[in-house]
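Taken together, the values in this text are just the output of simple stated rules run on the coordinates, not laboratory data. Everything quoted here is computed from the prediction, not taken from an experiment. Please note: Cβ atoms are built from the backbone with ideal geometry, for glycine as well, and neighbour counts cover all protein chains shown.
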Amino acid sequence: MKPLIQAFFDTATSTVTYVVYQADGGECAIIDSVLDYDPKSGRTATRSADLVLDFVRAHQLKAVWLLETHAHADHLSGASYLQRQLGGRIAIGAGIRAVQHAFSHVYNSGGGQDLARFDHLFEPDEEFMIGGLTARALHVPGHTPADMAYQIGDAVFVGDTMFMPDVGTARCDFPGGCARTLYRSMRRLLALPPETRLFMCHDYPPAGREARWEVTVAEQRADNIHVRDGLGEAEFVAMRTARDATLQMPVLILPAIQVNISAGHLPEPEDNGVRYLKIPLNAI
């Protein structure tokens with residue numbers, strides 16, 4: 001069954017949030033939501049998430065899943081805020097355990113409490129329902145160990161595996177990342193039927209092109225500059241490794257990872273009523 005999909009593009013972080021549903025009045029899933037965060041002032045806002053909230057309410061949808069493709073390093077998740085407004089279960093791949101372990105020493109946290117903030121951890125190929133839509137959680141590690149793609153009908157939400165064909169693929173130099181593993185994950189996605197619709201988590205359009213986030217398997221196999229047919233694993237690994245060595249860390253990685261490995265929950269207020277994010281020095 002072909003799902004209905006509404007996309008919301010956040011220009012500040014180049015992130016695409018999706019609402020996926022079968023019909024008005026039914027159940028929906030929200031994928032990769034955004035909590036606005038200004039690193040200069042330390043202020044949060046809910047403008048991006050409220051656009052999603054307004055759509056869900058206008059279409060009389062019941063949010064049953066708040067899905068994360070992985071623990072994002074470029075934006076704070078809006079899942080916790082949306083859950084308070086709409087209900088639903090916050091879910092991510094079971095590989096999040098490895099990401100939490102990798103960062104537990106960075107934030108001087110045990111990780112167990114963070115893990116408990118997620119309502120569900122998907123195992124590879126686990127099926128779940130969104131109303132009458134059957135969905136499947138595909139484990140696609142490489143960018144991080146926790147990456148999941150969500151296959152819902154003829155659509156797959158690929159997270160940070162690949163980008164639009166003229167942008168290429170995601171970096172692999174975060175803890176637990178692996179270019180060889182990412183190549184194999186992407187080839188698994190590209191083995192799906194050619195007409196399968198792939199929905200990106202981000203778009204960083206070259207000059208002169210407006211942001212886009214939907215492409216078919218056939219288009220990726222023909223045109224993706226990093227992983228099109230004919231480009232082999234060794235060639236990809238060499239390219240990706242050299243390219244990653246030139247990249248700076250994302251601006252929001254330290255606050256984003258701290259929040260996102262805790263299912264989008266902000267730290268609890270201290271005795272003065274203020275919440276604090278940790279910024280570890282010389283730790284990554």
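Hey, got a sec? Which GluC sites (Glu not before Pro) in the stretch 216-284 land in a DSSP loop and have at most 15 other Cβ atoms within 10 Å? Can you show the working numbers first?
Values: sites: Glu219, Glu233, Glu235, Glu270; in loops: Glu270.
Sites meeting the loop and neighbour criteria: Glu270.
Taking the convex hull of the Cα atoms, report for the stretch 54-163 its projected area averaged over all directions, in nm². Intermediate values should be presented prior to the final figure.
Numbers: hull surface 30.5 nm².
For the stretch 54-163, averaging the hull's shadow over all directions gives 7.6 nm².
Alpha carbon centre of the stretch 1-57 versus the stretch 209-284: separation in Å?
18 Å
Starting from the exponent 0.38 and prefactor 2.2 Å, build the expected Rg for the chain from its residue count and divide its actual Cα Rg by it.
Values: Rg = 18.0 Å, N = 284, 2.2 N^0.38 = 18.8 Å.
Computed over Cα atoms of the chain, the ratio equals 0.96.
Counting Lys and Arg as +1 and Asp and Glu as -1, each charge on the Cβ, what is the dipole of the stretch 74-164 about the Cα centre in debye, to the nearest 20? Can you show the working numbers first?
Values: 5 positive and 10 negative charges, 65 e Å.
My answer is approximately 320 debye.
Note down the net charge around Ile90, summing +1 for each Lys or Arg and -1 for each Asp or Glu among other residues with Cβ under 10 Å from its Cβ. Intermediate results must be reported in sequence, preceding the final value.
Numbers: positive: Arg89, Arg117; negative: Glu68, Asp119.
Around Ile90, the charge tally is 0.
How large are Rg and Dmax for the stretch 165-284 when only the alpha carbon atoms are used, in Å?
According to the Cα coordinates of the stretch 165-284, Rg and Dmax are 18.1, 59 Å.
Gly131: net charge of surrounding residues, Cβ under 13 Å, Lys/Arg +1, Asp/Glu -1, itself excluded? Walk me through the numbers before you get to the answer.
Values: positive: Lys62; negative: Asp24, Glu27.
Summing Lys and Arg as +1 and Asp and Glu as -1 gives -1.
Which FRET efficiency value, to the nearest 0.05, do you get for Leu247 and Thr134 by plugging their Cβ-Cβ distance into 1/(1 + (r/R0)^6) with R0 = 35 Å? Mind dumping the intermediate values first?
On the way: r = 37 Å, r/R0 = 1.07.
Step by step, r from the Cβ atoms, then E = 0.40.
Can you tell me the relative contact order of the chain? Whole percent, Cα pairs under 8 Å, sequence separation 6 or more. Please report the intermediate quantities before stating the final value.
Values: 625 pairs, mean separation 51.0, N = 284.
Rounded, it is 18 percent for the chain.
At 222 nm, what helix-only mean residue ellipticity would the chain give, in deg cm²/dmol to the nearest 500, using -39500 (n - 2.57) for each DSSP H run of four or more?
Values: 8 runs with 76 residues, N = 284.
Dividing the helical sum by the residues of the chain leaves -7500 deg cm²/dmol.
Only counting other Cβ atoms within 10 Å, I'd like Asp229, Asp203 sorted with the fewest neighbours first. Intermediate values should be presented prior to the final figure.
Numbers: Asp229 11, Asp203 19.
If I rank by nearby Cβ atoms, fewest first, I get Asp229, Asp203.
Could you list Ile261, Ile284 so that the one with the fewest beta carbons within 10 Å of its beta carbon is first and the one with the most is last?
Numbers: Ile261 28, Ile284 13.
The order, fewest Cβ neighbours first, is Ile284, Ile261.
For the chain, with a Gaussian network of springs between Cα atoms less than 10 Å apart, report the residue from Pro193, Pro124, Pro175 with the top mean-square fluctuation.
Sorting by GNM fluctuation, first place goes to Pro193.
Obtain the nm distance between the two label points defined at Glu270 and Glu195 by a simple spin-label model: each point lies 7 Å from its Cα along the Cα-to-C-beta direction.
Distance between the two pseudo-spin positions: 5.8 nm.
Mark the label point 7 Å from the Cα of Thr216 along Cα→Cβ and return the residues of the stretch 1-31 whose backbone N is within less than 19 Å of it.
Taking a point 7 Å out along Cα→Cβ of Thr216, the residues of the stretch 1-31 whose backbone N falls under 19 Å are 1-5.
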